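Scroll down for the structure; my scribbles are underneath it.
The values are calculated or read from the model by the stated rules, or taken from the named source; none is laboratory data. Everything quoted here is computed from the prediction, not taken from an experiment. Methodologically, a virtual Cβ is constructed for each residue, glycine included, from the backbone with ideal geometry; neighbour enumeration extends over all protein chains shown.
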Amino acid sequence: MHDFFHHLRDHDGVAHCSVARAHGITWHREQRLVANGILDRPASRVVRCTAVASTWRQRCRIATLAPGRGVISHGAAARLHGLDGFADHQPVDLLCHKGAWPGRPGEVITHFSRGLTDADVVEVDDIPVLSVPATLALLAPHGGAGPTSRAVVSALRAGWTVDELRAGAVRWRRRGRPGPGALLHALDAVGQASTPSSISSAAAHGSTVRPTTDSVSSSQRSPVHN
């Protein structure tokens, strides 16, 4: 049990019930912990330590552990990636496959898509999140043109290139999806603007440098398939 509570401490106080079982917490013991107020259940098959303060990041983690196997997207993904313009974004945006039946604990904005693939998903502190190119490709209609442009510039500063972000936008471009077109427009605007030398260099030469922040790993999570 000690190891399980260490896991909870390192994961915003929440875990899927399968993790509890892997740490030796049987269903009956889980029931006792809930009855004693040590744990509660914020979503189906998700437990939370009541001693840990509720935070926005905790709500993101609960949303991805709840049924539907969604991934954090749109403005919430921009905030988790640390992109400019979204530090105060409060809603939890969750992207699920079309036809999924996600749990919606708390204030969760659920988006659906048939286009989500493994390549679109990375992890930020073990939370499945849309990659930076996919986030920016879907962001503009929900985040607004100004914040999206700021996010694009900060992504370039972090090491992403215009070519990489443009490729992400083109891959998501479909009839009725205004987001990718807005990202392409923002990339064109950034390329024409007077920006810091590092951004201008990335835009001009298409450097292949990738972000190297510790919080973003290359591990992928398979979204649900229907």
Item to complete: With the checklist (1) among the charged types (D, E, K, R); (2) on the phi > 0 side of the Ramachandran plot; (3) at pLDDT 95 or above in hand, flag the one item GLU30 doesn't pass.
Response: (2)
Item to complete: Could you check how many residues of segment 1-20 are more than 11 Å from ALA51 (Cα to Cα) and acidic (Asp, Glu)?
Response: 2
Practice prompt. Determine whether segment 60-76 contains at least one residue that is of a type in the set (A, V, I, L, M) and surrounded by fewer than 19 Cβ atoms within 10 Å (Cβ to Cβ).
Written response: no
Worksheet item: Is there any pair with a first residue in segment 80-102 that is within 23 Å of ARG69 (Cβ to Cβ) and assigned by TED's automatic domain parsing to the domain that holds VAL121 and a second that is part of a loop (DSSP other than H, G, I, E, B) and among the charged types (D, E, K, R) whose Cβ atoms are under 6 Å apart and which are 6 or more apart or on different chains, and what are they?
Response: LYS98/ARG114
Fill in: Selection from segment 7-33 of residues that are of a type in the set (Ser, Thr, Tyr) and part of a helix (DSSP H, G or I)
SER18
Worksheet item: Picking from ASP120, ASP88, which residue would you name as being crowded, with 20+ Cβ neighbours inside 10 Å and among the charged types (D, E, K, R)?
Response: ASP120
Practice prompt. Read through the list (1) modelled with pLDDT of 95 or more; (2) not in a helix (DSSP H, G or I), then give the number of the only condition that PHE4 fails.
Written response: (2)
Worksheet item: Is there a residue in segment 49-72 that is modelled with pLDDT of 95 or more, closer than 25 Å to TRP160 by Cα, in the same structural domain as VAL132 (by TED's automatic domain parsing) and not in a helix (DSSP H, G or I)?
Response: yes
Worksheet item: If HIS23 passes every condition in (1) touching a residue at least 24 places away in the same chain (Cβ under 8 Å); (2) surrounded by 14 or more Cβ atoms within 10 Å (Cβ to Cβ) but one, which one does it miss?
Response: (1)
Item to complete: Determine if segment 100-110 includes at least one residue that is more than 22 Å from GLY144 (Cα to Cα) and touching a Leu at 6+ places or on another chain (Cβ under 7 Å).
Response: yes
